[in-house]
Amino acid sequence: MLELVEEHRCFGGVQRIYKHESESIGLPMRFSAFLLAAAASSKVPALFYLAGLTCTEETFPIKAGAQRYAAEHGIALIAPDTSPRGADIPGEKDAWDFGVGAGFYVDATRAPWSERYRMYSYVTQDLRRAVLAELPVREDRLGIFGHSMGGYGALVLALRNPDIYRTVSAFAPIAAPSQCPWGVKAFSGYLGEDRSAWARYDASELVKLSGGAVC
């Protein structure tokens, strides 16, 4: 069940922050939702936005100004947080590019991160189900996009879930994380040192290995 945290009038619609329990993560999670006036009478398409390092669910609706365009084109905007909050894992707040604010949209397999840091499942399962169950959003008209770490996440989630997301866009994405310091640090910490396990979260590797048929 969604808990409404705050609501503001915005370009003829409403900008909201919700909180809900996440089964995948085992902690409450927050996300923002812009719902246009048309959503009061019928379901509308929705774009899921994934933010970059250090961001929260509030960063995109505050800074991007995308609500005006979403209202013009009849689209809802959904933006989750970038990591669990309150996991209380030692060291999770020590670095800006790993841990809190830097979930990298993976399901961690390395302890102690594997219990709570499951952002891939959260976005594709828990968040999507909550939105479809309680908000006026069309299940057959979902897209995903993001910036930087979020652009990387959008590419990976779309490539691996073509049955869920009909469109994908990425702004300055970390497109080959296995080959850059940010990605190597995150993958090593969340997934371990076996680089073969990294490929499922590397957009460049997914495209290369699949020949275009990614699942």
| note | Checked against (1) more than 18 Å from the chain's Cα centre (by Cα); (2) at pLDDT 95 or above; (3) hydroxyl-bearing (Ser, Thr, Tyr), Ser169 satisfies every condition except (1)
| Is there a residue in the stretch 88-101 that is more than 24 Å from Ala199 (Cα to Cα), in contact with a Lys or Arg (Cβ under 8 Å, 6 or more places away or on another chain) and among the aromatic types (Phe, Trp, Tyr)? | no
| request: Go through the residues of the stretch 135-149 one by one and say whether even a single one is open to solvent by 50 Å² or more (accessible area, probe 1.4 Å) and closer than 21 Å to Leu206 by Cα. | output: yes
| task | Check whether at least one residue in the stretch 151-161 is surrounded by fewer than 23 Cβ atoms within 10 Å (Cβ to Cβ), in a strand (DSSP E or B) and within 17 Å of the chain's Cα centre (by Cα), and report yes or no. | result | no
| query | Across the stretch 49-89, what is the number of residues that are touching a strand residue (DSSP E or B) at 6+ places or on another chain (Cβ under 7 Å) and acidic (Asp, Glu)? | reply | 3
| With respect to Arg129, is the statement that it is farther than 21 Å from Thr56 by Cβ and open to solvent by 10 Å² or more (accessible area, probe 1.4 Å) true? | yes
| remark: Note on the stretch 120-160: residues of a type in the set (Phe, Trp, Tyr) and without any contact (Cβ under 8 Å) to a residue 60 or more places away in the chain are Tyr152
| task | For Thr59, indicate whether it is in contact (Cβ under 8 Å) with a residue 24 or more places away in the chain and among the polar types (S, T, N, Q). | result | no
| note | Condition set of a type in the set (A, V, I, L, M) and without any contact (Cβ under 8 Å) to a residue 24 or more places away in the chain, scope the stretch 96-118, selection surrounded by the fewest Cβ atoms within 10 Å (Cβ to Cβ): answer is Ala111
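The values are calculated or read from the model by the stated rules, or taken from the named source; none is laboratory data. Being a predicted model, the structure only gives us computed values, none of them experimental. Neighbour counts are summed over all protein chains in view; Cβ atoms, including those assigned to glycine, are modelled from backbone coordinates with ideal geometry. Quick note on the areas: whole protein, heavy atoms, side chains included, nothing else; ligands and nucleic acids left out. Shrake-Rupley method; radii C 1.70, N 1.55, O 1.52, S 1.80 Å.
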